[in-house]
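S.K.: My questions all concern the structure below.
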Amino acid sequence: MKKIIIILAVATFGLGSITSCSSPAEKTVVRKKSKYMCTMHPDLAFDKPGTCTKCGMELVERDTTAGK
């Protein structure tokens, strides 16, 4: 009986130490991928804010992140 209690204690302690020593979960950060587009020419996309090369209108920031 004493042997079984010792084995269970060692097994419980061993499992506890295995789970506590595991590497921490990686945090995944979803970064917003933005493009700047002209409202008159949506086929044009730019990486930086500015003006449209065709019409000179101010570019609008659009979120291009796929899904959430």
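All of the numbers you see were taken from the coordinates with simple rules; none came from a lab. Only a predicted model underlies this, so the values are computations on that prediction, with no experimental measurement involved. Here the Cβ positions follow ideal geometry from the backbone for every residue, glycine too, while neighbour counts run over all protein chains shown.
S.K.: Enumerate the amide H contacts of L44 below 5 Å, restricted to partners 5 or more residues apart or on another chain; note that Pro and chain-start residues carry no placed amide H.
M.R.: C38
S.K.: A further question follows. Sort 49-57, 1-9 by packing, meaning the average of other beta carbons within 10 Å per residue, with the highest value first.
M.R.: 49-57, 1-9
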